[in-house]
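The values are calculated or read from the model by the stated rules, or taken from the named source; none is laboratory data. Keep in mind that this is a model prediction, so the values were computed, not measured. Using ideal geometry, Cβ is built from the backbone for each residue, glycine included, and neighbour counts are taken over all protein chains shown.
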Amino acid sequence: MTIRVVIADDHRVVRHGLCYLLSQEPDVEVAGEAGDGRQAVDIVAATRPDVLLLDLYMPILDGHAVLAALHDAPHRPAVVVLTSATGDEPLVCAMQAGATSSLLKTAPAEDVIAAVRDAAAGTASLSPELLTRLTRALRRPPPPDPLAPLSPREREVLRLIARGYSNRQIGRDLAIGEQTVKTHVRSILTKLGLQDRVQVAIFALRHQADGGEHLP
């Protein structure tokens with residue numbers, strides 16, 4: 001069976017090198033190349049490859065955005081991520097988003113070819129170094145919830161501040177008095193160590209208080 005591969009990397013030399021490397025294998029066909037994330041999504045849709053070799057850092061759409069775009073696509077290839085990232089978080093995010101395997105860009109040619117074949121067969125592969133990094137990152141405790149000090153009602157007030165509501169509008173929306181809203185705002189300032197309402201709004205938006213993961 002021939003394994004059809006799309007290569008997505010914004011560095012032309014890397015892209016062409018991978019294309020040459022894979023084209024030497026009798027069971028591999030390079031179905032397309034992409035120099036940015038948007039092209040990668042479009043070429044995958046047009047060519048329906050078995051495997052996508054995906055750089056994480058590309059213009060227009062980065063590798064994470066490509067993985068997200070492919071999540072509900074009619075044809076979703078196995079994805080082998082190519083990364084030069086030294087941090088653990090990009091690797092974890094890519095694997096959680098559906099990448100089959102991940103390789104450092106310094107990996108030997110035989111490792112790249114093996115990862116493509118493994119991915120096409122539905123088998124994940126990680127180098128010992130990346131496996132260590134992934135394990136370390138997954139064992140790390142999650143960051144504390146920055147909104148943990150707030151009561152449920154204070155979180156509701158914070159969410160409405162993020163939407164630009166005045167105290168009167170907040171009171172009307174939550175069916176409480178304006179003075180009660182002011183009390184909640186003062187409590188939010190104290191608990192979060194903020195100085196004024198502007199800082200509260202910035203904090204709320206930064207932590208996705210308006211419809212994000214921390215607040216309803």
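Just a few scattered comments:
- Residue match in region 130-139 (condition: closer than 20 Å to Val14 by Cβ and either among the hydrophobic types (A, V, I, L, M, F, W, C) or assigned to a helix (DSSP H, G or I) (or both)): yes
- Counted residues, region 143-198 - those being exposed (fewer than 15 other Cβ atoms within 10 Å of the Cβ), among the hydroxyl-bearing types (Ser, Thr, Tyr) and outside any helix (DSSP H, G or I): 2
Conditions tested, residue by residue: (1) of a type in the set (Ser, Thr, Tyr); (2) over 19 Å from Ile113 (Cα atoms); (3) under 24 Å from the mean Cα position of the chain (by Cα); (4) surrounded by 19 or more Cβ atoms within 10 Å (Cβ to Cβ).
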site: Val6; (1), (2), (3), (4): no, no, yes, yes
site: Leu18; (1), (2), (3), (4): no, no, no, yes
site: Ser23; (1), (2), (3), (4): yes, no, no, no
site: Pro49; (1), (2), (3), (4): no, no, yes, yes
site: Asp55; (1), (2), (3), (4): no, no, yes, yes
site: Asp72; (1), (2), (3), (4): no, yes, yes, no
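- Residue selected from region 25-47 under the condition of a type in the set (Gly, Ala, Ser) and surrounded by 15 or more Cβ atoms within 10 Å (Cβ to Cβ), by the criterion farthest from Ile7 (Cα to Cα): Gly37
- Region 67-86 residues that are in the same structural domain as Cys19 (by TED's automatic domain parsing), paired with ones that are assigned to a loop (DSSP other than H, G, I, E, B) and of a type in the set (Lys, Arg) (beta carbon under 7 Å, 6 or more apart): Leu70/Arg76; His75/Arg48; Leu82/Lys105; Thr83/Lys105; Ser84/Lys105
- Filtered by the rule that a residue be in contact with a Leu (Cβ under 8 Å, 6 or more places away or on another chain) and outside any loop (DSSP other than H, G, I, E, B), region 1-13 gives Val5, Val6, Ile7, Ala8.
- For Ala46: the one exception among (1) at pLDDT 90 or above; (2) in contact with a helix residue (DSSP H, G or I) (Cβ under 9 Å, 6 or more places away or on another chain); (3) of a type in the set (A, V, I, L, M); (4) in a helix (DSSP H, G or I): (2)
Residue by residue, here is whether (1) more than 30 Å from Arg136 (Cα to Cα); (2) not in a helix (DSSP H, G or I) holds:
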site	(1), (2)
Pro26	yes, yes
Leu53	no, yes
Ile60	yes, yes
Pro74	yes, yes
Val79	no, yes
Leu82	no, yes
Thr106	no, yes
Val112	no, no
